[in-house]
Amino acid sequence: MESPEPTKLSKIKIGIAAIPALLIVSICLALYFGAQHEEVQDRPIEGEVTISELVDYLKKLETMIGPRGFANESELKALRQCASMIKGSLGPENLGYRIYQSQGEPQSGYLWETLWVNIGDVEGADPVIVAIPYGEGGVEVAFGLGLAEYYTSNPSTKALQIVFYPPLIQGAPANWIRQRILNEGGDSGFIHIQSGGLEGKWATIRSTEQHALLVEELVSRKGWSQGFVLDEKREDQNLICLSERPAGGRNEQAQTLLRVMPFLRSLAEGLD
C-alpha cells in the first residue's frame with residue numbers, strides 16, 4: 001500500500017516548524033562572522049611610516065588646522081578637527097586600530113575625550129603609557145600618529161597605550177591621564193611627549209631618577225649619542241621634548257621624528 005503524499009497544509013506546517021531552527025542557525029552564523037570581522041578590524045594594518053606621511057601630518061596640523069585651544073571659536077574648531085584627524089588616521093578606515101575614548105569632559109560648550117590605541121596585549125600585561133597632547137603644537141600629534149604606524153611593522157616586546165589627551169590636565173599629568181583611560185591594573189612606565197627640545201637636535205630628554213641609567217645607556221649607543229640632549233633635571237615621568245622645526249623645514253623635521261621612534265621603542269621596552 002503506497003504512503004499518502006503530504007498535503008499542502010502539512011508542508012506549510014513543516015516549514016513553520018523549521019523557522020525557529022533556521023533563525024537560531026542564522027543568529028549563530030551572524031555572531032560568528034561578526035566576531036571574526038571585529039577581530040580583523042581590531043588588528044592594525046602593517047605598514048611602514050614614511051617621511052611623506054609625516055610631512056603631510058605636519059602640514060595639516062600646522063597650516064590647515066592651526067592653533068588649538070579654548071580662547072575663541074576658531075581654536076575650538078581646530079581642537080575638534082585635530083581630534084577627528086587622530087580618529088580618522090588611526091581608525092579602521094586607515095591604520096585599522098580600534099579607537100578607545102574616555103567619557104567626554106565639558107569645556108567651552110563641548111565635550112572633550114581622551115583618545116588612545118592599544119599596542120600589543122594590553123589585557124595580558126601592564127602597558128607603558130605614551131602620552132601626547134593634542135591641544136598644543138603639531139609636532140607631538142604628528143609623532144604620535146607616525147609612532148602608531150611604526151609599531152605595526154616593528155612589534156614591541158612590551159604592551160603600550162598611545163594616548164592623546166586634550167588641554168584639560170589638572171595636577172600631575174600621569175595621574176590625570178591614568179584616571180581617564182581607566183588603567184586600574186596599573187602600568188609599567190610613563191613616557192610624556194612634548195615639543196620644545198633644543199634646536200638642531202632630535203629631542204631633549206628628562207628621565208625619572210629610577211630610569212636615569214637606562215636612558216644614559218640608550219643615548220650612548222652609536223647613532224643616537226649625537227641626536228639627543230640629556231637634561232640633568234629629573235621628572236616624575238620620563239619626558240621626551242621633540243625639537244622644533246629645523247632649518248631644513250618639514251622634510252628634515254619628519255626625518256628627525258622617524259629617528260626618535262626606535263629610541264622610544266627601546267626605552268619603553270626597558271621600563272619596569
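If the requirement is being under 19 Å from residue 142 (Cβ atoms), open to solvent by less than 20 Å² (accessible area, probe 1.4 Å) and touching a helix residue (DSSP H, G or I) at 6+ places or on another chain (Cβ under 8 Å), which of these qualifies: 239, 271, 257? Walk me through it before giving the result.
On the way: 239 fails: touching a helix residue (DSSP H, G or I) at 6+ places or on another chain (Cβ under 8 Å); 271 fails: under 19 Å from residue 142 (Cβ atoms).
Criteria check complete, one pass: 257.
The set of residues in region 167-206 being at pLDDT 90 or above and of a type in the set (Ser, Thr, Tyr) consists of 195, 204. Summed over region 162-173, residues that are out of contact with any helix residue (DSSP H, G or I) (no Cβ under 6 Å at 6 or more places or on another chain) and open to solvent by 10 Å² or more (accessible area, probe 1.4 Å) total 6. In the condition set (1) over 27 Å from residue 95 (Cβ atoms); (2) touching a residue at least 24 places away in the same chain (Cβ under 8 Å); (3) open to solvent by 10 Å² or more (accessible area, probe 1.4 Å), residue 220 is compliant with all but (2).
The residue of region 106-122 that is farthest from residue 265 (Cα to Cα), among those that are open to solvent by 10 Å² or more (accessible area, probe 1.4 Å) and among the aromatic types (Phe, Trp, Tyr), is 110. Answer yes or no as to whether residue 56 is out of contact with any His (no Cβ under 9 Å at 6 or more places or on another chain), within 26 Å of residue 152 (Cα to Cα) and at pLDDT below 55. Against the criterion (out of contact with any His (no Cβ under 9 Å at 6 or more places or on another chain), within 26 Å of residue 152 (Cα to Cα) and at pLDDT below 55), residue 56 does not qualify.
Quick check: is even one residue across region 123-133 within 24 Å of residue 54 (Cβ to Cβ), open to solvent by 20 Å² or more (accessible area, probe 1.4 Å), under 16 Å from the mean Cα position of the chain (by Cα) and small (Gly, Ala, Ser)?
We begin by selecting, within region 123-133, every residue within 24 Å of residue 54 (Cβ to Cβ); these are 128-133.
From the residues that got through so far, the ones that are open to solvent by 20 Å² or more (accessible area, probe 1.4 Å) too are none.
Checked region 123-133: no residue is within 24 Å of residue 54 (Cβ to Cβ), open to solvent by 20 Å² or more (accessible area, probe 1.4 Å), under 16 Å from the mean Cα position of the chain (by Cα) and small (Gly, Ala, Ser).
Pairs are defined by a Cβ separation below 6 Å, a sequence spacing of at least 6 or placement on different chains, a first member in region 58-87 that is within 12 Å of residue 110 (Cβ to Cβ), and a second member that is open to solvent by 80 Å² or more (accessible area, probe 1.4 Å); the pairs so defined are 75/67. Of all the listed residues (179, 194, 210), the sole one being over 30 Å from residue 94 (Cβ atoms) and open to solvent by 30 Å² or more (accessible area, probe 1.4 Å) is 210.
Looking at region 175-192, is at least one residue assigned to a loop (DSSP other than H, G, I, E, B) and of a type in the set (Asp, Glu)? Quick ask: steps written out before the conclusion?
Here is the first cut: in region 175-192, the ones assigned to a loop (DSSP other than H, G, I, E, B) are 181-188.
Next cut, of a type in the set (Asp, Glu) only: 184, 187.
Within region 175-192, one or more residues are assigned to a loop (DSSP other than H, G, I, E, B) and of a type in the set (Asp, Glu).
The values are calculated or read from the model by the stated rules, or taken from the named source; none is laboratory data. If you're wondering where the values come from, they're calculated on a predicted model, not measured in any experiment. Heads up, the Cβs are rebuilt from the backbone with ideal geometry, glycines too, and the neighbour counts pull from every protein chain shown. When the accessible area is computed, the model is the full protein with side chains, heavy atoms only, and any ligands, DNA or RNA have been set aside. Shrake-Rupley method; radii C 1.70, N 1.55, O 1.52, S 1.80 Å.
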